[in-house]
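J.: I have a structure I would like to understand better, so I am pasting it below and will then ask my questions one at a time.
Coordinate-derived values only; no laboratory data. Keep in mind it's a predicted model, so treat the numbers as computed, not measured. Note that each Cβ is placed from the backbone with ideal geometry, even for glycine, and that neighbours are counted across all protein chains shown.
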Amino acid sequence: MGAELNALREQLLVHVREQGGATDALVADALRTVPRHIFLPDLPPDAAYRDEAIVTKRDADGQPTSSSSQPTIMAIMLDQLGAARGHRVLEIGAGTGFNAALINHIVGPKGKVVSIDLDPEIVERAEDNLSAAGCEGIKVLNTDGALGCPDKAPYDRIIATVGVWDLAPAWHEQLKPAGRLVVPLDLRGVQRSVAFERAGDHWTSISASPCGFMRMRGTFAGPERNYVLDRQTHLTAALPEARELDTAAVLETLDAPEVEIRTGVTPERFELFDGFGLWLAVREPRWFGLSEVEPGTRLANAPLRAPGTVATAGILDDFGLATLSAEDGELVVTGTERIADELAAHVVAWDEAGRPGSAGLRIDAYPAGTPADGEIVIDKKCVRLVLGWS
Ligand SMILES: C[S@@+](CC[C@H](N)C(=O)[O-])C[C@H]1O[C@@H](n2cnc3c(N)ncnc32)[C@H](O)[C@@H]1O
């Protein structure tokens, strides 16, 4: 079994590298060595070596509250983090403890890893998993990650493996001046894993990559909301902030749209997810997302598919809605007439702008109240984000 599991780990690493992760030799060595199956004790060992996120805890409504993230995304974020031997690293979101174990392998015996989780049961499980995997010296702490862990500061690196809406001041205070922060950052309802370094009075991004993490709970929870529209089909609407939703009216328009507009734009799936998803979220205050369990009923022609889920996006206001579908790869807009025109105009404008996405995206995060300006400005409680593309 040992040789088989080694082979599965090696196969997973090959796959992760094909997807653009584990470019850093230390990250590759950690993925090759740390046994993910020990951190997922309820799974048959071989299932732990698929490139999939595994939910490990759900709340009373069935919504995931903890998971082991998808290995490719973990590897890309660890590449962004650039941790080295001897580094002190703080992780927000201990989950199963697997990522903490990978970081521990990277920093080696002279380094230090502290990992925080808000859920005491998850902390206990992470500690058990780490001890079963023979990982020593990792401190797992049950507190709100927004507070960090001042006792073990300062850190060379801080990473969040849970979606963050804002940048907590504690992370700024506990990171060394030349340190790096990597967070799945909310950009009006979509996330990008952003690596930040300090630039004088503010943070500036050095890389950004698409991701989709469960959201941080506790004192730094964001305002985004999910509404279940149809329990039978698991049709769910995601809004970047709390708004009233007339679910009956939404279903009515989805079932009987007024118009259908062909856009003539035929993007690749990744361009659509990374590029248009970001474009709409940061430029259209009325944007919303819709998802349904695969293969979808109302969203059967949705342009985005991931294992188990189909998804689309659109615009929703008090007068109606419009959403995107795909026909032979071409984006088609359906819904309420005027709103459908506006959504189609966004698609064409994004296409004409060269389909920008995360590549070339730069984010500066200034202390809230700083009169900084740029192409797109997003205000949080603690920081003002200024986005631009090179
Ligand atoms: C995707 S999981 C982390 C995966 C983990 N790094 C692993 O390797 O398994 C996200 C975790 O963040 C935790 N979390 C949510 N809000 C938090 C907060 N405010 N502070 C610390 N942890 C939080 C959840 O309980 C959950 O376990």
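J.: Measure nothing but the geometry: give the 0 to 90° angle between the long axis through the Cα atoms of 98-107 and the longest principal axis through the Cα atoms of the chain, rounded to 10°.
T.: Around 50 degrees separate the two axes.
J.: Taking neighbour Cβ counts within 10 Å as the exposure measure, how do Asp201, Asp144 sort from fewest upward?
T.: By the 10 Å Cβ count, ascending, the order reads Asp201, Asp144.
J.: Here is a further query. Pull out the extension gain between Asp46 and Glu18, defined as 0.36 nm times the separation in residues minus the alpha carbon to alpha carbon distance; nm, one decimal.
T.: Fully extending the segment from Asp46 to Glu18 adds 8.1 nm.
J.: Show me 254-260, 155-161, 283-289 ranked by packing, highest mean number of other Cβ atoms within 10 Å first. Mind dumping the intermediate values first?
T.: Values: 254-260: 13.7, 155-161: 26.1, 283-289: 18.6.
By packing density, highest mean first, the sequence is 155-161, 283-289, 254-260.
J.: OK, next. Are there trypsin sites (Lys or Arg not before Pro) in the range 43-134 that DSSP puts in a loop and that have at most 11 other Cβ atoms within 10 Å, and which ones?
T.: Arg85, Lys110
J.: On the principal axes of its Cα set, how long, how wide and how thick is the chain? Give whole Å, largest value first.
T.: That works out to 63, 53, 37 Å along the principal axes.
J.: Still on this structure: Return a single number: how many Lys pairs in the chain, at a sequence separation of 8 or more or on separate chains, have alpha-carbon atoms below 19 angstrom apart. Don't jump to the answer; show the numbers that get you there.
T.: On the way: Lys110/Lys139; Lys110/Lys152; Lys110/Lys176; Lys112/Lys139; Lys112/Lys152; Lys112/Lys176; Lys139/Lys152; Lys152/Lys176.
Counting lysine pairs in the chain gives 8.
J.: Can you compute the helix-only [θ] at 222 nm over the chain? Use -39500 (n - 2.57) per DSSP H run of at least 4 residues, normalise by all residues, nearest 500 deg cm²/dmol.
T.: -7500 deg cm²/dmol
J.: Calculate the FRET efficiency for Ala359 and Ser131 from the Cβ-Cβ distance with a Förster distance of 35 Å, rounded to the nearest 0.05.
T.: The pair Ala359/Ser131 has a calculated efficiency of 0.30.
J.: Hey, another quick one. Could you work out how much longer the chain between Ala249 and Thr204 gets when fully extended? Use 0.36 nm per residue separation minus the Cα distance between them, nm to one decimal.
T.: Using 0.36 nm per residue and subtracting the Cα-Cα distance, I get 12.0 nm.
J.: Quick one: P(r) of the range 249-379 from all Cα-Cα pairs, 10 Å bins, percents rounded to integers, in order of increasing distance.
T.: Bin by bin from 0 Å, the calculated values are 12, 42, 31, 12, 3.
J.: A follow-up question, please. Which order do peptides 318-327, 243-252, 71-80 fall in by mean Cβ count within 10 Å, highest first? Walk me through the numbers on the way to the answer.
T.: On the way: 318-327: 19.3, 243-252: 13.0, 71-80: 24.4.
Sorting 318-327, 243-252, 71-80 by mean packing, highest first, produces 71-80, 318-327, 243-252.
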